[in-house]
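Participant: Sharing a structure with you now.
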Amino acid sequence: MEIGEISFKDVIIKSGLWHTLQNRNAEKTIYAVKDRFADTGRFDAFEFNWTDGMKNKPHFFWDSDVAKWIQGVSYSMINGENRELEPFVDHLVEQIGKHRWADGYFNIYFTMCEKDMRWTNRRNHELYCAGHLIEAAIAYKHATGKDEFLKYMTDYTDHIYKVFAVERSASFTTPGHQEIELALVKLYEETGEKKYLELAEFFIDNRGDKNNNDFQNDETYEQRAYDQSHLPVREQTKAVGHSVRACYMYAAMADLARINGDKELLGACRRLFDNTVNRRMYITGGIGSSYVKECFTADYDLPNAEAYNETCASISLAMFANRMLRCEVNSKYSDIIERLIYNGIISGVSVRGTSFFYENPLSVGRKLTDEENGFMEEYKRRRPIRQRVEIFECSCCPPNINRFFASIGDYLYSADDEYIYIHQFMDSTADIGGDRLTVTTEYPLDGKVKITWNGKRKIAVRRPGWCDKVICGAPYEMKDGYMYFENGGDTEIEFVMTPCLMTAASAAEADSGKAAVMRGPVVYCVEAADNGENLGDLFIAAHGDISCDYDEMSQLYALIADGERRAEQTELYAKYDGRNTHCKIRLIPYYTFANRGDSEMSVWLNVKP
Ligand code: FUB
Ligand code: ZN
């Protein structure tokens, strides 16, 4: 039975953390990104008047940055916000219309800087930018009813179809950075044009084919793995290479598996999802262990200070997981989405909403002097960035935050003919085919959830993977992590939420002997701002008391835990003396670290048995 999405357009988040985050995105973050994009010339590039010698030379992925921002503004407009930005976006759309090529092609960098080189360089993001523009055009039509942008993008896509799938006249066959595939599925679902679905299938099925012209055939297996071109996708079993590229591709694979009933492709998606989340994901939901190539490395290789965990990568994993939920309702997907939306995605933006992390480490050590830093290996020299910044040279993450936060309602519910599925718990209402679903909760402050539903279909509710005890008066059956209630109507559930210590797999050497603290879906960390420097001298009591203390900054609870602190040792080496003293350790939700100035931080703590 087809599992239908319930779009954010039909969901209103009324209160709680995500209500705050969504409002902050509309009131602060969308404008912060707009201002930085204006400062750096990303919007000026749409005037097509840059000439050699001028500052802010157009860059080959700027189209995508602006496209994601337009998509975020559009979604926020659908939520009833940011309407005053419509004329600004209209002008950008007008410029696209004016400067697209006669055959429909549109790309600022290749038009202004390498006019004769279009479709010759697989790694210069032409198809990636086209994908984000397609998504933006669909979003803008939904927000405004205006379809010129969408018309420009269907013309562009018809051109891409002709060049890649018919003439095979480009110097490569598949995109160097996946994204267009999932956008083409959206375009197919928006227009009903089968050719767009076929083009998505073309790009997915031709990836990893050694006989096409994607490589000069002297690339190593590892080099091809960077963009998951090392094997045909159906043969892939491990998440390798660039993390964002990987999960955008996996997301498209999940869409195609669902639409075509392609069991082989679904099998590949299941394998790749399981390898990602069970061996290559940080406890915060972050993915990407290496900054060097922004990529996965090996099973259980999860260094904390050197963690890459790009904000886009976490968003792309949520996109993949949500599409898997559309294939099969199983809490292994929605549990990961929950892990991401309360930790590894939202850590990517400051609590003021105006500065961003590109990388989201799980440990920030003592601050090195510039001289010390200068002697570190290059990849460590950046390690880790200690404070969020307002803009990056490569600014893919901030607009990704804009569009994800505005459309978080896409991740809450889905439905088939028989059931309404409740995947995430937010104080919200949803209009589902004329029926009204109301969820009343303060989750994740506590685990009490009240469900009111006036429709005929039955309700299935995810039992969070972290939950050991459920209090619920109504009868239900468990299946794949969901509580299936046989009678509709109102249901009250409590997922009993207590702080707990988590340990990592034995093979995850970076976390050996350590524990992280979670309360419900929220991962915690310690900062020197609360606990003093040398966080490695802290030991959390394995069976001590952990109390809650409401924390305004996070709008969640901070935790106060029993622990010990080792006396500071200044000699480089000395005999172990065990002179620890009792102390209270204050832990804050991981997503709010680095909001109080430069501070050491750690998610993983020594444990005092
Ligand atoms: O290449 C486009 C985007 O820039 C990638 O998805 C990010 O990892 C960043 O490298
Ligand atoms: Zn990014």
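Each reported figure results from applying straightforward, stated rules to the coordinates on display, with no laboratory input. Predicted model, so just to flag it, every value in this text is computed and none were measured. Quick reminder, even Gly has a Cβ in these numbers, built from the backbone with ideal geometry, and neighbours come from all protein chains shown.
Participant: Hey, if you put +1 on the Cβ of every Lys and Arg and -1 on every Asp and Glu Cβ in the chain, which of 569, 106, 43 ends up farthest toward the positive end of that dipole?
Facilitator: The Cα lying farthest towards the positive end belongs to 569.
Participant: Also, I was wondering about something else. Residue by residue through the range 594-608, which ³J(HN,Hα) values in whole Hz follow from phi under the Karplus form 6.51 cos²θ - 1.76 cosθ + 1.60 (θ = phi - 60°), with glycine and proline marked x?
Facilitator: Calculated HN-Hα couplings, in order: 6, 10, 10, x, 5, 8, 4, 8, 8, 7, 8, 10, 4, 10, 9 Hz.
Participant: Could you work out how much longer the chain between residue 7 and residue 352 gets when fully extended? Use 0.36 nm per residue separation minus the Cα distance between them, nm to one decimal.
Facilitator: Values: separation 345, 0.36 × 345 = 124.20 nm, distance 2.74 nm.
Going from the current span to full extension adds 121.5 nm.
Participant: So for 229, 506, fewest C-beta neighbours within 10 Å to most, what's the order? Display every interim value, and only then the final one.
Facilitator: On the way: 229 29, 506 9.
Listed from fewest to most nearby Cβ atoms, that is 506, 229.
Participant: Also, quick follow-up: Between residue 454 and residue 553, what is the FRET efficiency for a Förster distance of 60 Å, r being their Cβ-Cβ separation, to the nearest 0.05?
Facilitator: Numbers: r = 38 Å, r/R0 = 0.63.
Calculated value: 0.95.
Participant: Give the relative contact order (percent, whole number) for the chain; include only Cα pairs under 8 Å separated by 6+ residues. Could the numbers behind the result be given before it?
Facilitator: On the way: 1238 pairs, mean separation 82.0, N = 609.
Reported relative contact order: 13 percent.
Participant: Excluding residues on the same chain fewer than 8 positions from residue 146, give the aspartates and glutamates whose Cα lies under 12 Å from its Cα.
Facilitator: Within reach: 86, 90, 94.
Participant: For the pair residue 57 and residue 86, how long in nm is the line joining their label points, each one 7 Å along Cα→Cβ?
Facilitator: Inter-label distance under the simple model: 3.9 nm.
Participant: Between the range 306-362 and the range 529-567, how far is it from one alpha carbon centroid to the other, in angstrom?
Facilitator: If you average the Cα positions of each part, the centres end up 25 Å apart.
Participant: In addition: Relative to the longest principal axis of the chain, what angle (0 to 90°, nearest 10) does the C-alpha long axis of helix 62-78 take?
Facilitator: Compared with the principal axis, the helix lies near 70 degrees.
Participant: Quick one: putting +1 on the C-beta of Lys and Arg, -1 on the C-beta of Asp and Glu, what dipole do you get for the chain around its Cα centre, in Debye to the nearest 20? Let's see the in-between values first.
Facilitator: Working: 72 positive and 94 negative charges, 86 e Å.
In debye, rounded to 20, the chain gives about 420.
Participant: Among 20, 444, 260, whose Cα sits farthest toward the positive end of the charge dipole of the chain (+1 at Cβ of Lys/Arg, -1 at Cβ of Asp/Glu, about the Cα centre)?
Facilitator: Towards the positive end, the residue furthest out is 444.
Participant: Here is a follow-up. Work out the FRET efficiency for residue 468 and residue 567 from their Cβ-Cβ distance, taking R0 = 41 Å, and round it to the nearest 0.05.
Facilitator: Working: r = 37 Å, r/R0 = 0.89.
Computed FRET efficiency for residue 468 and residue 567 comes out at 0.65.
Participant: Ok, one more. Report, in listed order, any pair from 28/293; 514/608; 9/186 with a Cα-Cα distance greater than 21 Å. Could you put the intermediate results ahead of the total?
Facilitator: Working: 28/293 31 Å; 514/608 10 Å; 9/186 16 Å.
Beyond 21 Å: 28/293.
Participant: Mind checking the full-extension length gain between residue 598 and residue 534? Use 0.36 nm per residue of separation minus the Cα-Cα distance, one decimal, nm. Present the calculation step by step, with values, prior to reporting the outcome.
Facilitator: Working: separation 64, 0.36 × 64 = 23.04 nm, distance 1.40 nm.
Full extension from residue 598 to residue 534 adds 21.6 nm.
Participant: Shifting gears a bit: Students often get this wrong, so check it: of 448/469; 263/458; 68/238, which have C-alpha atoms separated by over 19 Å? Write down the numbers at each step before the final one.
Facilitator: Details: 448/469 12 Å; 263/458 27 Å; 68/238 28 Å.
Those over the limit are 263/458; 68/238.
Participant: Oh, and also: Taking the dipole about the Cα centre of the chain, with the C-beta of Lys and Arg at +1 and of Asp and Glu at -1, give me whichever of 520, 424, 501 is farthest to the positive side.
Facilitator: Farthest towards the positive pole: 501.
Participant: Between the range 29-77 and the range 470-498, what is the C-alpha centre distance in whole Å?
Facilitator: If we compute the Cα centre of each part, the gap is 47 Å.
Participant: Return the loop-located trypsin sites (Lys or Arg not before Pro) in the range 98-148 (DSSP other than H, G, I, E, B) with at most 12 other Cβ atoms within 10 Å of their own Cβ; answer none if there are none.
Facilitator: Working: sites: 98, 100, 115, 118, 122, 123, 141, 146; in loops: 100, 115, 118, 146.
Those satisfying the criteria are 115.
Participant: Quick one: angle between helix 311-327 and the longest Cα principal axis of the chain, in degrees between 0 and 90, rounded to 10, please.
Facilitator: It is inclined by approximately 80 degrees.
Participant: Enumerate the aspartates and glutamates that residue 57 could reach by cross-link, defined here as Cα to Cα under 19 Å, with residues fewer than 8 away along the same chain left out.
Facilitator: Here the aspartates and glutamates satisfying the reach criterion relative to residue 57 are 35, 39, 44, 47, 65, 114, 116, 126, 393.
Participant: Between the helical axis of 243-260 and the dominant principal axis of the chain, each derived from Cα atoms, what acute angle in degrees is found, rounded to the nearest 10?
Facilitator: Between helix and principal axis, roughly 70 degrees.
Participant: For the range 511-524, just list the computed ³J(HN,Hα) in residue order, Karplus coefficients 6.51, -1.76 and 1.60, θ = phi - 60°, integers in Hz, with x standing in for Gly and Pro.
Facilitator: 10, 4, x, 10, 9, 10, 10, 10, 9, x, x, 8, 8, 10
Participant: Say R0 is 60 Å: what FRET efficiency, to the nearest 0.05, do residue 478 and residue 49 get from their beta-carbon distance?
Facilitator: Details: r = 62 Å, r/R0 = 1.04.
With a Förster radius of 60 Å, E is 0.45.
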